[in-house]
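In what follows, a structure is listed as structure tokens, so that the remarks can point back to it.
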Amino acid sequence: MTELLIVGGLTVDRFGDGTSAPGGSVIHAGRAAVAEGVALTTLTVAGDEPEAAIGLSQLAEMGDLIHQRAPSTVTYGHSEVRGRRVLTYLVSAGPIAPPVLADPPDVALLAPIADELPVSTIAALRESARPRLTVLLIQGWLRRLAIGEPARPLSLDEVPAATWDAFAAADAIVVSTEDLAESPEDPFVEAAGVRAKIGPHPLLVLTLGEQGYLLDDPASDKVVAYVPRRVVEGVPMVGAGDTFGVTLAIQLGLGATPAAAAVAATDGVIRMLESREA
């Protein structure tokens with residue numbers, strides 16, 4: 001059984017209709033990891049809000065939980081403008097401190113959703129947790145964040161060089177075209193821009209929503225576009241990127257080729273979305 005460590009902040013998500021719920025990559029990726037049958041450990045930071053308590057309870061049911069307490073939990077307001085999701089950054093949480101684990105995980109998935117994972121933490125986590133494979137969902141490091149304002153993507157040149165250097169040491173990087181500011185009409189240009197920043201080593205996957213993904217495998221001489229075997233419409237897409245990222249990480253940890261791992265990740269997203277059709 002693959003042992004997986006997921007690291008990222010829990011969120012309190014507040015919606016326009018007045019409702020709220022726990023969220024964050026740790027929850028969405030954790031659910032997908034449980035469906036894949038891995039042994040899961042989650043490292044997160046959260047406060048004492050009722051929504052956070054619910055989220056922590058859900059995470060504890062998924063596997064081992066390392067909860068680092070904070071005065072508050074990352075909170076986002078959710079809205080939609082012209083068909084696109086808008087996240088407004090309302091409350092921050094403290095940083096996550098690297099743990100010392102008795103047993104190193106096979107795979108570590110780092111998935112920040114705000115500023116809870118300073119880039120220096122990437123190397124510190126690799127040193128303390130000692131995973132065999134490190135996969136990064138980098139959306140949290142690409143966001144311009146200010147309390148009370150919508151989160152906006154940084155341009156690639158605005159991302160500090162130290163951040164790109166930390167990304168370069170990872171085994172795989174997953175990012176959505178929605179999280180990039182450059183050339184959204186040409187994902188190949190976006191992928192080339194990210195590759196130029198991270199160097200030749202990490203596997204790079206750029207997800208394109210319903211259109212599939214681009215796979216940039218350093219062992220190959222070209223970037224390849226893939227489309228999903230089925231597009232699931234009319235259901236919420238929340239968590240699709242996290243499901244893709246964690247399934248890709250698990251499959252790579254099991255020894256799958258990058259192409260096979262990405263196909264399995266797409267199938268995992270389809271299954272998750274199909275479960276919402278009922």
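What the table below lists for this structure:
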quantity: Between the range 146-161 and the range 51-84, the alpha-carbon center distance in angstrom; calculated: 21
quantity: Neighbourhood charge, 11 Å Cβ-Cβ cut-off, centred on LEU10 and excluding it, Lys, Arg +1 and Asp, Glu -1; calculated: -4
quantity: Kirkwood Rh (inverse of mean 1/r, distinct Cα pairs), the range 25-169, angstrom; calculated: 16.3
quantity: Protection proxy ranking, peptides 2-13, 192-203, average beta carbon neighbours within 10 Å, highest first; calculated: 2-13, 192-203
quantity: Relative contact order %, the range 156-214, counting alpha carbon pairs below 8 Å whose residues are six or more apart; calculated: 41
quantity: Relative contact order of the range 1-139, defined on C-alpha pairs under 8 angstrom at six or more residues apart (%); calculated: 27
quantity: Helix-only [θ]222 nm of the chain, DSSP H runs n ≥ 4, -39500 (n - 2.57) each, per residue, nearest 500; calculated: -9500 deg cm²/dmol
quantity: Ranked packing of 27-34, 239-246, most packed first, by mean Cβ within 10 Å; calculated: 239-246, 27-34
quantity: Contact order relative to length of the chain, as percent, for alpha carbon pairs under 8 angstrom and 6 or more apart; calculated: 15
quantity: ALA146 versus ASP267: modelled label distance in nm, points set 7 Å from Cα along the beta carbon direction; calculated: 4.7
quantity: Distant-in-sequence amide H partners of VAL86 (H built 1.01 Å from N, under 5 Å); calculated: SER79, GLU80, VAL81
quantity: Residues ASP17, ASP106 arranged by fewest to most Cβ contacts within 10 Å; calculated: ASP17, ASP106
quantity: Neighbourhood charge, 11 Å Cβ-Cβ cut-off, centred on LEU90 and excluding it, Lys, Arg +1 and Asp, Glu -1; calculated: -1
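Read-outs throughout are calculated quantities, based only on the coordinates presented, and are distinct from any laboratory measurement. Not measured: the values here are computed from a predicted model. Note that each Cβ is placed from the backbone with ideal geometry, even for glycine, and that neighbours are counted across all protein chains shown.
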